[in-house]
1. Any chance the stretch 207-226 includes a residue that's modelled with pLDDT under 95 and within 29 Å of residue 134 (Cβ to Cβ)?
2. Kindly indicate which of 190, 219, 161, 201 is under 18 Å from residue 279 (Cα atoms) and either touching a strand residue (DSSP E or B) at 6+ places or on another chain (Cβ under 9 Å) or not in a helix (DSSP H, G or I) (or both).
3. Within the stretch 94-109, how many residues turn out to be under 15 Å from residue 11 (Cβ atoms) and out of contact with any helix residue (DSSP H, G or I) (no Cβ under 7 Å at 6 or more places or on another chain)?
4. Go through the stretch 127-162 residue by residue and tally those that are in contact with a helix residue (DSSP H, G or I) (Cβ under 6 Å, 6 or more places away or on another chain) and either free of Cβ contacts under 8 Å to residues at least 40 places away in the same chain or surrounded by fewer than 17 Cβ atoms within 10 Å (Cβ to Cβ) (or both).
5. Let me confirm something: among 111, 74, which residue is in the same structural domain as residue 27 (by TED's automatic domain parsing), modelled with pLDDT of 95 or more and assigned to a loop (DSSP other than H, G, I, E, B)?
6. Mind listing whichever residues of the stretch 204-216 are at positive phi and either touching a strand residue (DSSP E or B) at 6+ places or on another chain (Cβ under 7 Å) or in a strand (DSSP E or B) (or both)?
7. Hey, could you check the stretch 231-248 for residues that are touching a residue at least 40 places away in the same chain (Cβ under 8 Å) and within 12 Å of residue 287 (Cβ to Cβ) and say which is nearest to the chain's Cα centre (by Cα)?
8. Do the conditions hold for residue 44, that is, is it assigned by TED's automatic domain parsing to the domain that holds residue 112 and under 30 Å from residue 198 (Cα atoms)?
């Protein structure tokens, strides 16, 4: 029986390119495993686990032990495909993933991949850590895999600063003296943590001025962007502003993040400008 789309929670979308097809414009068989491997990064992103850093915390590494592929139909040039993944079983030291590659509702490819959790130095197997076992089980059951905490700087400052240093200072090259300011102590902060307790996203809400609040320092660890974690932080800050009676919220968005804020109801207000060497635009929304 072919896999059904509704059996999966995690999907990765791609479009078939010239380099992936033969003279008949049919995808080479080996590329399907590459598609699944690429989609696996979306699975870890859906767990809010930055893969490399998380494996260091867990004290191991995931290695592919076995991969099987069953072909039902071929993908062709310019097809839009959805690669679906799910964790079907967690053993003592192994994890079984099932994958389906769909064109619309048509299942083209079914696959099973057995990963072994192992010591990266010796590549000898280790028991799957209990926290990872629970996380995989919770995710597949539809349970939350992250927590968002809202509070003052003296409570959340270290975790918020960790994410901001990673994103603003190391990734974007902003001067640390510019990134941290005196407004942090008066702001309300939101920090999103994954199941390992790692802070992976943050933002802050400044005190309101005549009913207008300002959100800033929105940051999500690079490997996890696009999974909705930034939106969870933003929603937590918006709810905080609404609860304290603010009428409007404004922010200065990086130019390449405008669509993210538009989807949250923000509109552009004013002309573009440059701050800390990065193009920005002011945006706002009513509460």
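1. Looking for residues that are modelled with pLDDT under 95 and within 29 Å of residue 134 (Cβ to Cβ), one finds at least one in the stretch 207-226, hence yes.
2. Only one candidate qualifies: 219.
3. So the count comes out to 8.
4. Number satisfying all stated conditions: 3.
5. That would be 74, the only listed residue that is in the same structural domain as residue 27 (by TED's automatic domain parsing), modelled with pLDDT of 95 or more and assigned to a loop (DSSP other than H, G, I, E, B).
6. Across the stretch 204-216, the qualifying residue is only 211.
7. 237
8. yes
The values are calculated or read from the model by the stated rules, or taken from the named source; none is laboratory data. A quick note: this is a predicted structure, and the numbers were derived from the prediction, not measured. Note that each Cβ is placed from the backbone with ideal geometry, even for glycine, and that neighbours are counted across all protein chains shown.
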